[in-house]
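Worksheet for the structure shown next.
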Amino acid sequence: MKYILILLCFFPGSYLSNFQLKLLQIKKTQDYKWQLIVEDISKYNKQRSIFDNHPDSISQEQLECQLLKIRDGGKTYWHSYPNTGNSVEWLLWTIQNPPSYFDFSTKEKDIRRFSKWQNEYRKIKEQYFAQSDSLNEDDILRKKCWFDLLELEGKLQIEKVLYSEIGNKISISNYVTEFKRLGGEVTGTDFLLPYLRLLEFVCVNNNELGVHMDDVFVLLKEIRSLNLEDVTSWVNQKEQFLNLSQTPVDWKFETIGGDTVSLMKYKGKVVLIDFWSVYCGSCISFMPAIKRVYDQMKHLGFEVISVSVDKNKEKPRILEIEKRFSLTWPLSILANSLEYKTIWQDNGFISVPQLLLFNKEGYLVATNVDLLSEPRLRNIIKRYVQQEQ
């Protein structure tokens with residue numbers, strides 16, 4: 001199509017045949033329809049950003065309406081222009097960002113509408129993979145694993161809506177069963193991607209979605225049984241991290257003033273541990289937000305410990321930042337802690353900011369994804385300080 005349009009540029013309009021004019025009109029219509037979808041996706045991304053940072057200013061129902069609009073518009077576009085670059089881009093996007101088909105008025109899932117999409121999606125997927133005939137088996141497997149990964153992320157987004165709206169807990173036992181089957185049938189490790197992503201999702205969200213942890217640990221055990229060195233190390237880190245939400249934590253830190261502070265000392269209070277660095281601009285820029293929330297919530301039983309991951313030579317800069325923001329909670333340098341390896345390396349932490357929230361009993365209850373926004377930080381801390389032990 002591109003080459004036809006380039007050739008047409010060399011001829012005056014009066015010499016264009018009816019066929020050529022029709023081609024131009026088709027191209028113009030196709031571009032216009034795609035632009036409408038792009039605009040809808042852009043609008044959704046803006047709404048999503050607002051929802052994530054200010055959940056009270058936009059509703060989950062508004063997001064759902066926009067996702068449905070994108071899906072319906074994309075279906076029409078696919079049927080008109082299947083397997084083009086734009087239609088495939090829409091397909092991959094809508095798999096990863098699916099509507100939940102949740103009816104917010106009846107508080108039930110719209111099974112009829114969801115089933116209709118499932119039937120349509122099966123046909124679209126068949127069309128998409130029909131182009132794979134020229135690929136070898138490994139490439140086909142890789143392509144299918146990539147699709148599985150996107151589908152999994154989409155399913156988890158739906159589960160998140162259902163959990164927040166009606167308290168549906170997520171069971172991943174079917175993933176465990178499927179993993180056992182694939183582990184015996186598939187060579188290579190590409191099939192691992194969706195399962196590693198699932199576990200990463202659980203860790204990042206700290207099981208705020210109600211996933212059954214027994215299933216998670218069984219899946220970790222199955223992955224470890226493959227005896228893959230890199231994967232085994234990753235599994236060990238995830239198990240260690242997930243155990244923070246299963247047993248009370250008693251980390252100890254030496255403060256800059258030379259005192260020792262431990263999580264057990266704060267039992268009965270909600271504690272935020274803020275791992276940061278003097279070289280991390282986003283860490284430093286978020287400190288005033290933490291300070292505002294701390295000043296509002298400390299009388300309710302909320303405490304903060306800021307732990308620098310820098311070396312001791314940065315102590316003067318740490319003290320300068322403490323003075324600049326009038327920080328009144330304990331500050332520590334992780335390098336001085338005897339538990340450096342246990343706290344940082346064994347849990348797979350690799351970057352800052354790293355925010356961890358512990359409840360009154362010392363269990364990890366929230367991580368970065370829930371805390372790196374002042375409204376979300378305030379709301380989640382308010383929820384846990386109000387909880388009885």
- [ ] Return the only residue of Val270, Val293 being among the β-branched types (Val, Ile, Thr) and farther than 16 Å from Pro330 by Cβ.
- [x] Val293
Open item on the list: For the list (1) touching a residue at least 24 places away in the same chain (Cβ under 8 Å); (2) surrounded by fewer than 18 Cβ atoms within 10 Å (Cβ to Cβ); (3) under 23 Å from Glu61 (Cβ atoms), I need the number of the one condition that Arg112 fails.
Closed with: (1)
TODO: Give me a count of the residues in region 230-256 that are assigned to a loop (DSSP other than H, G, I, E, B) and closer than 23 Å to Lys360 by Cβ.
DONE: 8
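Conditions (1) closer than 30 Å to Ile58 by Cβ; (2) polar (S, T, N, Q); (3) open to solvent by 10 Å² or more (accessible area, probe 1.4 Å); (4) at pLDDT 90 or above, marked per residue:
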{"site": "His299", "(1), (2), (3), (4)": "no, no, yes, yes"}
{"site": "Val304", "(1), (2), (3), (4)": "yes, no, no, yes"}
{"site": "Arg378", "(1), (2), (3), (4)": "yes, no, yes, yes"}
{"site": "Gln389", "(1), (2), (3), (4)": "no, yes, yes, no"}
Open item on the list: Tell me the residue from Lys221, Lys238 that is closer than 20 Å to Phe349 by Cβ, of a type outside the set (Asp, Glu) and modelled with pLDDT under 90, please.
Closed with: Lys238
Open item on the list: Looking at region 224-282 only, could you name the residues that are among the aliphatic types (A, V, I, L, M) and either surrounded by 19 or more Cβ atoms within 10 Å (Cβ to Cβ) or over 28 Å from the mean Cα position of the chain (by Cα) (or both)?
Closed with: Val235, Leu242, Leu244, Val249, Ile256, Val261, Leu263, Met264, Val270, Val271, Leu272, Ile273
- [ ] Pick out the one residue from Ser285, Ser326, Ser351 that is open to solvent by 40 Å² or more (accessible area, probe 1.4 Å) and under 22 Å from the mean Cα position of the chain (by Cα).
- [x] Ser351
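The values are calculated or read from the model by the stated rules, or taken from the named source; none is laboratory data. These numbers were taken from a predicted model, which means no experiment stands behind them. Glycine gets a Cβ as well: all are built from the backbone with ideal geometry, and neighbour counts include every protein chain shown. Protein only, heavy atoms only, side chains kept; ligands, DNA and RNA dropped before computing areas. Shrake-Rupley method; radii C 1.70, N 1.55, O 1.52, S 1.80 Å.
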